[in-house]
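The structure appears below as structure tokens.
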Amino acid sequence: MSRLRVTSGEGATFRSAGRRLAPRQIPSLSGPIPLKEVVGAQDDRGKADLHIHTSFSDGMADVPELLDYVESETDLDIIGIVDHDDVRGALAARDQWAKRSYRFELVTGIEVTAIEGHLLALYVDEPMESLRPLERVVEDVHRQGGLCVVPHPMSWLTRSIGEQTLRGFVGSLDGIEVACCSPAARVSNGRAAALNRLLEMAELGGSDAHFLQAVGSAYTQFEGRSAADLKRAITARTTRAVYGAPVDWQSIGVRQMARQTWRGICATPRAMGLGPTARSFVRRIFRSR
């Protein structure tokens with residue numbers, strides 16, 4: 001089998017933070033939004049899960065274990081490693097990937113904690129400072145030639161970018177996650193999908209997997225098979241968010257879920273320090289959501 005190329009920010013097209021769209025230009029949403037899922041869609045397009053965590057942050061699987069699972073237990077063409085506030089997991093995955101002839105491609109990235117909420121910095125391979133205003137994080141991602149995708153938007157169960165910020169940054173962001181199987185995202189997937197019908201950003205599906213069993217439970221369909229094809233599709237806003245097989249939470253077990261929850265609570269304080277993390281929550285209160 002021929003080797004596939006790992007894709008990061010190198011050689012990518014640079015872009016600026018872009019134009020903001022005034023909130024009043026986009027109608028507001030009100031009332032409950034029903035979630036309409038597209039499950040297991042089948043065609044010849046590529047499949048990518050760009051929201052996967054490893055034991056470098058709050059994931060429960062180490063890098064070799066994760067890559068072997070993707071190889072043998074999924075049909076994904078591309079995965080993205082995006083540990084919280086830490087690029088080391090993605091770089092370790094890239095190194096491990098280079099040692100074997102895996103059939104899938106790998107995108108390096110980080111789930112960066114901005115003041116306003118989490119942001120997936122994709123196609124980047126340099127460390128990135130967290131706990132800063134979203135505008136500065138977006139600028140840094142684009143400086144590396146990367147893409148900015150909002151995960152689990154508007155979720156009240158985890159630190160997430162809110163509706164007002166999404167409206168204000170619509171000209172700067174590259175995509176939005178509208179299909180995600182994590183408990184935090186399930187409470188807001190429908191509202192995110194409805195909002196994006198107005199914002200018209202590239203729609204992505206991502207598992208937010210912290211357990212092997214969750215990998216590929218939501219994914220992004222795109223024309224082509226390579227990481228370069230996927231990047232073009234996100235930029236062109238031609239991607240499609242899809243739900244895969246549901247996660248069997250019972251097989252994971254309460255004890256493992258409790259351990260992961262604690263790791264999740266500690267992920268950003270461990271990476272950034274307890275004091276800076278606490279102060280960032282105070283700053284968040286005084287910034288527009």
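The values are calculated or read from the model by the stated rules, or taken from the named source; none is laboratory data. Computed from a predicted structure; not experimentally measured. Glycine gets a Cβ as well: all are built from the backbone with ideal geometry, and neighbour counts include every protein chain shown.
For GLU200, the conditions (1) in contact with a strand residue (DSSP E or B) (Cβ under 9 Å, 6 or more places away or on another chain); (2) at pLDDT 95 or above are fulfilled apart from (1). Flag: ALA241 matches the condition of being in a strand (DSSP E or B), in contact (Cβ under 8 Å) with a residue 60 or more places away in the chain and of a type in the set (A, V, I, L, M). Restricting ALA267, ALA227, ALA241, ALA193 to residues that are crowded, with 20+ Cβ neighbours inside 10 Å, in contact with a strand residue (DSSP E or B) (Cβ under 9 Å, 6 or more places away or on another chain) and over 27 Å from GLU65 (Cβ atoms) narrows the list to ALA193.
Scanning segment 160-182 turns up one or more residues that are of a type in the set (Lys, Arg) and at pLDDT 95 or above. Quick one: would you say ARG103 is modelled with pLDDT of 95 or more and either hydroxyl-bearing (Ser, Thr, Tyr) or over 16 Å from ALA48 (Cα atoms) (or both)? Criteria not met by ARG103.
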